[in-house]
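Comments concern the structure below.
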Amino acid sequence: MPRRPDGGAVGTPAGRIARFTPAERWVHRTTATLMSVCVLTAGCLYLPFLAELVGRRALMVTVHEWAGILLPVPLLLGLASRALRADLTRLNRYGPHDRRWLRAALRRHKGRRPAGKFNAGQKLYAAWIAGAVLVMLATGLLMWFPHLAPLLWRTGATFVHDWLALAVVVVVSGHVWKAYGEPEARRGMRTGAVDARWAEREHPLWEAPE
């Protein structure tokens, strides 16, 4: 993307650089919405006080099933975006700087942690949540269409689906909590641009090949 002398992309305010395209932000927002629907409807199905408050269990089951089926769709449609494909490539590449970032994070070092456009924590989160969605989709289909597999498989699918759902809630909650602690990162996802000084501080290897 062309940049001004101050490092910002053409069309972005002075002192800010482009981070996410509209297509990438649309994929993130739509996926987040579907994930929220899955979590909320699951709560209405599994937590007695929510089940009694909301009622209409059959409707909650239907909404939960279709939200789960649609969860991968925004990403699949977003693959038409060259920028999204480039960022997926970045998320799938790990280098020595990622190991240094993880060591610093685990030891709670306050100093600079080397990171490209995405830090090691974001890469691990993206990989984990992608795998979890695929497993949830597969086990959910076995529960939705019980004739597709024998009883033993369905029992195992229910066990995995329920416990993985709990893990997803914990991990996604951590992701949201971390995002609220990073207002500039949230601004980048909301507007598509971030402060150049923040990018230099948090992602010093952004422009370097990963």
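The values are calculated or read from the model by the stated rules, or taken from the named source; none is laboratory data. Being a predicted model, the structure only gives us computed values, none of them experimental. Methodologically, a virtual Cβ is constructed for each residue, glycine included, from the backbone with ideal geometry; neighbour enumeration extends over all protein chains shown.
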Given the conditions (1) surrounded by 12 or more Cβ atoms within 10 Å (Cβ to Cβ); (2) farther than 25 Å from Ser173 by Cβ; (3) free of Cβ contacts under 8 Å to residues at least 12 places away in the same chain; (4) over 22 Å from the mean Cα position of the chain (by Cα), and given that Ala51 satisfies all but one, which numbered condition is not satisfied? (2)
Output the residue which, of all residues in the range 143-161 that are closer than 22 Å to Ser36 by Cα and in contact (Cβ under 8 Å) with a residue 12 or more places away in the chain, is surrounded by the most Cβ atoms within 10 Å (Cβ to Cβ). Ala157
Being among the β-branched types (Val, Ile, Thr) and not in a strand (DSSP E or B) is the filter; apply it to the range 169-210 and report the residue that is farthest from Leu34 (Cα to Cα). Thr191
Out of Ala58, Ala120, sole residue that is buried (at least 18 other Cβ atoms within 10 Å of the Cβ) and not charged (D, E, K, R): Ala120
Index of the failed condition, Ala51 passing every other in (1) modelled with pLDDT of 80 or more; (2) under 28 Å from Leu70 (Cβ atoms); (3) of a type in the set (Gly, Ala, Ser): (1)
Would a scan of the range 135-151 turn up a residue that is over 28 Å from Ala18 (Cβ atoms) and touching a Phe, Trp or Tyr at 6+ places or on another chain (Cβ under 8 Å)? yes
For the range 173-210, enumerate the residues that are within 16 Å of Gly15 (Cα to Cα), aliphatic (A, V, I, L, M) and touching a Pro at 6+ places or on another chain (Cβ under 8 Å). Ala193
Can you give me the number of residues within the range 128-182 that are among the acidic types (Asp, Glu) and over 20 Å from Thr41 (Cα atoms)? 1
Members of the range 5-48 that are in a loop (DSSP other than H, G, I, E, B), surrounded by 13 or more Cβ atoms within 10 Å (Cβ to Cβ) and modelled with pLDDT under 80: Gly7, Gly8, Thr12
I'd like the full set of residues that are within 19 Å of Ala120 (Cα to Cα), surrounded by fewer than 17 Cβ atoms within 10 Å (Cβ to Cβ) and either within 17 Å of the chain's Cα centre (by Cα) or charged (D, E, K, R) (or both), limited to the range 190-209. Glu200, Arg201, Glu207
